[in-house]
1. Given the options E245, E187, E181, E231, name the one that is surrounded by fewer than 18 Cβ atoms within 10 Å (Cβ to Cβ), more than 15 Å from V310 (Cα to Cα) and touching a strand residue (DSSP E or B) at 6+ places or on another chain (Cβ under 6 Å).
2. Taking the criterion of being in contact (Cβ under 8 Å) with a residue 40 or more places away in the chain, within 16 Å of ligand 1 (Cβ to nearest atom) and at positive phi, would at least one residue in the stretch 132-153 satisfy it?
3. For the structure I just gave you, tell me whether A395 is part of a strand (DSSP E or B), small (G, A, S) and modelled with pLDDT of 95 or more.
4. Looking at this structure, is L304 touching a Leu at 6+ places or on another chain (Cβ under 9 Å) and not in a loop (DSSP other than H, G, I, E, B)?
5. Considering H297, H315, which residue is in contact with a helix residue (DSSP H, G or I) (Cβ under 9 Å, 6 or more places away or on another chain), within 16 Å of ligand 1 (Cβ to nearest atom) and closer than 16 Å to A36 by Cβ?
6. Among the residues of the stretch 264-293, count how many are closer than 17 Å to D92 by Cβ and either part of a loop (DSSP other than H, G, I, E, B) or modelled with pLDDT under 95 (or both).
7. Determine the pairs where a residue that is touching a residue at least 60 places away in the same chain (Cβ under 8 Å), located within the stretch 301-315, has a partner that is surrounded by fewer than 20 Cβ atoms within 10 Å (Cβ to Cβ) and of a type outside the set (F, W, Y) with Cβ atoms under 8 Å apart, the partner being 6 or more residues away or on another chain.
Amino acid sequence: MPDVIDRVEVLVSSPSRNYVTLRLTTRDGVVGLGDATVNGRELAVASYLRDHVGPLLIGRDPGRIEDTWQYLYRGVYWRRGPIGMAAIGAVDVALWDILGKRTGQPLYALLGGRVRDRVATYRHAFGWDLPALLEQVDAHREAGFENIRVQAGVPGLDVVYGVSRDNQVYEPAGRVAAPAEEIWDAEAYLRSIPGVIAGVRAHVGDGVGLLHDVHHRLTPIQAAGLGKALEPVGMFWLEDVTPAEDPDALRLVRQHTTTPLAIGEVFNTVWDCQQLIENRLIDYIRVAVVHAGGISHLRKIFALAEVHGVQAAPHGPSDVSPVSLAASIHLGMATHNFAIQEYMGYPDLVHEAFPHGWHVSGGHLQSGDEPGLGVTLTEDLHRSDDYQPAYLPVARRRDGTLTDW
Ligand code: EZ4
Ligand code: CO
C-alpha cells in the first residue's frame, strides 16, 4: 500500500522574526517541511494552508508531487498571487523533502545530481556613508566572500532601504501595528549612489563582485542612467531597478546600458517573467522557492531561463526561512544555469529554531548530504504565542505621494 499524508500542521512562530512553516507527516511517519512565509502577511497564508489546502492533502500519496502541484494550482480556479503560490510552494517543498527521506537521498541527488562542488553566494554590506560601508565590505571579504551587495545612506534622507544607521543588523520588517512611513527621494539617491559604489570599487580593486539593490524605485529612464553611470564600476548586477510588474520598463533600461540586470524576487509564476526571459531583458532571474510555487515550479522557470541564456539567482533574505534556503541551495547544486544564491544571514535564534545541514564554507554555500532538505525544527522555538504582527515600511515622496518601497 503506498504511504499517504496523514497529518498537516501549520506552525506560525517567531524565533526573533515571524515564519510560517508547513509540516506534513505520512502514515509511515515520514516528515516533510515547507516554508510559507510571506513577510508582513503571515496569517493570510497560514489560513490558506490550514483552512483550504490542508484538508485536501489528507490521504494523498506524497510521491505524486507534480500531480499535487497541478491540483492545487489548476484546481483552485483563482490562480497565482503571493499567498496561494507560497502555500503551493510550501506543500511542494515538503513533498520533495518526504521523497528524499523515503529514498535516503539528499534533494540535489533527486534533482539530477551535483553539477558543481559548491554554490556561490553573496552577503550584504551596508553603511550610512562610504567609510561605514567599507568596514562591512572588508569584514565579508575577510570571511572569504567574493561577492558583496552594497547599500548606502542618502544625504538628506533619514531612512534608506537596506541600511541601518547605526551599522547594526538590518531587518526591513518592523514588529509594529502599522507600516513605518519613509521618505524616498530618487533624485538625491541618484546624485549620491554612483559615487559611493565607485568608492567601494576603488577600495576593493578588481575581482570582487559588487551588487546593488534599487528595490523597484526608479523610472525606466532614471534606471537607464544609473546603469550607464555604473558601467565603469563593472557591477555583478543591478537589482530591481524598476517596479517588477512592467517588463517593457526593462526593455528601455536594456537599450541604454550593459550593466547586468536582475529582477524577480516578487514574482510568483513563470508567467510573471516569461517575457523578460524570452526577450533576454534580464541577466538574472531572482524567484524564490517559497514565493514562486516551490521546487517543481522553480525548475520550470530555470529551464526556460537556461534556454534563453538567463541565469538563476534566487532571493535569500532573512524572511526566506532556512527551510526554503535549503531547497534553494539543493537546486543550486543540481541546476546548470544557477549563478548565485543570496544569503542575508539570520539571527542566531533562527539557526537554532531550524537546525540545518546546509552551511557556509570558504565563502560558498554547501547543501550537506542529509536525506531530503536536511532541515529539522526545534519544537520549543516554534510557539504560536511568539508571533507578533510585522510590516514592511511604505514610502512617500517629499510631497506625500505614496511610492514603491
Ligand atoms: O526587501 O525580503 O534582495 N533582497 C530584498 C529583501 C526584501 C525583503 C522583503 O521582505 O530585496 O531585503
Ligand atoms: Co532585492
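The values are calculated or read from the model by the stated rules, or taken from the named source; none is laboratory data. For clarity, every value in this text was computed on a predicted model and none was experimentally measured. Positions of Cβ are backbone-derived with ideal geometry, glycine not excepted, and every protein chain shown enters the neighbour counts.
1. Working: E245 fails: touching a strand residue (DSSP E or B) at 6+ places or on another chain (Cβ under 6 Å); E187 fails: touching a strand residue (DSSP E or B) at 6+ places or on another chain (Cβ under 6 Å); E231 fails: touching a strand residue (DSSP E or B) at 6+ places or on another chain (Cβ under 6 Å).
Criteria check complete, one pass: E181.
2. no
3. Values: part of a strand (DSSP E or B): yes; small (G, A, S): yes; modelled with pLDDT of 95 or more: yes.
The answer is yes for A395.
4. no
5. Numbers: H297 fails: within 16 Å of ligand 1 (Cβ to nearest atom).
Within the list H297, H315, the selection yields H315.
6. The total comes to 10.
7. Note: no pairs meet the criteria.
Residues are listed down the side, and each one gets a yes or a no for (1) within 12 Å of the chain's Cα centre (by Cα); (2) more than 17 Å from P260 (Cβ to Cβ); (3) away from ligand 1 (no atom under 16 Å from the Cβ):
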residue: N279; (1), (2), (3): no, no, yes
residue: R286; (1), (2), (3): yes, no, no
residue: H308; (1), (2), (3): no, no, yes
residue: A334; (1), (2), (3): no, yes, yes
residue: F338; (1), (2), (3): no, no, yes
residue: L349; (1), (2), (3): no, yes, yes
residue: G362; (1), (2), (3): no, yes, yes
